[in-house]
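The values are calculated or read from the model by the stated rules, or taken from the named source; none is laboratory data. The shown structure was predicted, so the numbers you read here are calculated from the model rather than taken from an experiment. Note: ideal-geometry Cβ built from the backbone for every residue, glycine included; neighbour counts use all protein chains shown.
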Amino acid sequence: MHPLISKTLEARIEYAVKITGNTPQAVISKALDQYIDHEQWLSEEIKKGIDSAKNNPTIPHKQVWEDFEAFKKQHCDKTRKAA
């Protein structure tokens with residue numbers, strides 16, 4: 001294989017070649033295609049989240065933590081006492 005590919009990755013590629021019957025080039029091409037698709041999707045979703053946070057009201061961290069603590073006290077403490 002290529003000197004920039006680790007032995008572990010090389011073994012994984014060889015295994016994929018064996019089980020799929022595809023060439024190493026096809027396995028690598030498909031893997032890169034899927035990786036790039038995922039990274040593009042992830043970047044778009046992160047951008048949507050940032051835009052949403054900029055354009056919509058959000059709950060302050062302190063309030064989220066206080067609500068969580070109140071929920072935990074109300075629900076988890078009862079569970080522990082019943083057990």
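Summary of computed values
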item	result
Condition check for ALA53: among the small types (Gly, Ala, Ser), surrounded by 10 or more Cβ atoms within 10 Å (Cβ to Cβ) and at pLDDT below 95	yes
Subset tally (residues that are of a type in the set (D, E, K, R) and over 11 Å from ILE28 (Cα atoms)) for the range 1-17	1
